[in-house]
Amino acid sequence: MEKYSYDQSDFKEIERGGMIYRLCRIVALRDIHNPRLFVKAGEKGGYVFPDGLSQEGESWVDQGSVIGPQCEVAGNALVQQSYLGRNVVVKDNAVVTKSTLEFAPRGIEISGRGRVVSSYLQGNIRVSGEAAVVRSKMFGNINVFGIANVYDCNVESNSTLEIANREYYVGKTILAQGNEHRGVEKRLGR
């Protein structure tokens, strides 16, 4: 049984790259038992481009969210009060809350139990494992994984920057060019 349908009478149009895309509000067709949110049959969700939310699993997109073209929310993932622009995947048990994730050629992927909260991400970015990105801005090629945490940071990388395992970054700006990182206030562990 499908878990949601599109309300064709309630839609938004967004412009991306000179194209106009029509996104319709979703409506739950069955109770959805997401690990972080219970959705009753008949409850409205966000505006979603066709096939942007998987019909399988317990994933959900709340009323305050917009899911653009070439995006996928799957597994038990939850998107709340967020905008996923294009080429974004949120899967497994990942959570995106009050954030904007913008287009990048290779895309953005939030997976595992990764969390993105009150943040702006643009580029080829991966957040996975138990990693968290909170109140931060990220631009470029960045992998945050393991149980790494990034709080209140501005992160820019023109090469591939990895923030891993028990690394914990707070405040300031992280500028990565090659293997060089400048302006970092870093704490290891918790």
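Every number here is computed from the coordinates shown, using simple stated rules; none is lab data. Not measured: the values here are computed from a predicted model. Virtual Cβ from ideal backbone geometry, glycine too; neighbours counted across all protein chains shown.
I want to verify a result. In a Gaussian network model of the chain, Cα cutoff 10 Å, which of these has the top mean-square fluctuation: ILE14, ILE32, ILE67? Top of the fluctuation ranking is ILE14. Among (i) 18.9, 61; (ii) 21.3, 67; (iii) 16.8, 52, which is the computed Rg and Dmax of the Cα atoms in Å? Only one option fits the structure, namely (iii). Total lysine pairs in the stretch 4-188 at Cα distances under 27 Å, for residues eight or more apart or on different chains: 16. Put a plus charge on the Cβ of each Lys and Arg, a minus charge on the Cβ of each Asp and Glu, and nothing anywhere else: the dipole of the stretch 4-188 about its Cα centre is then about 360 debye.
Using Cα springs under 10 Å in a Gaussian network model of the chain, which residue among TYR168, TYR151, TYR21 shows the largest mean-square fluctuation? Per the Cα network of the chain with a 10 Å cutoff, TYR21 tops the list. Across the stretch 32-40, rounded Karplus estimates of 3J(HN,Hα) from the backbone phi angles (6.51 cos²θ - 1.76 cosθ + 1.60, θ = phi - 60°) give 10, 9, 5, x, 10, 7, 9, 10, 7 Hz, Gly and Pro being marked x.
For SER65, the residues 5 or more places off, or on other chains, whose built amide H falls under 5 Å of its own are GLY46, TYR47, GLN81, SER82.
A simple spin-label model places the labels of ILE147 and ARG16 3.5 nm from each other, with each point 7 Å out along Cα-to-Cβ. Between ARG30 and GLU162, the simple spin-label model (points 7 angstrom out along Cα→Cβ) gives 4.0 nm. A straight Cα-to-Cα reach below 16 Å connects LYS3 with the aspartates and glutamates ASP31, GLU43, ASP51, GLU56, GLU58, ASP62, GLU72, residues fewer than 8 places away in its own chain not being considered.
Note on the chain: antiparallel DSSP beta bridges, both residues inside, total approximately 30 percent of the bridges counted.
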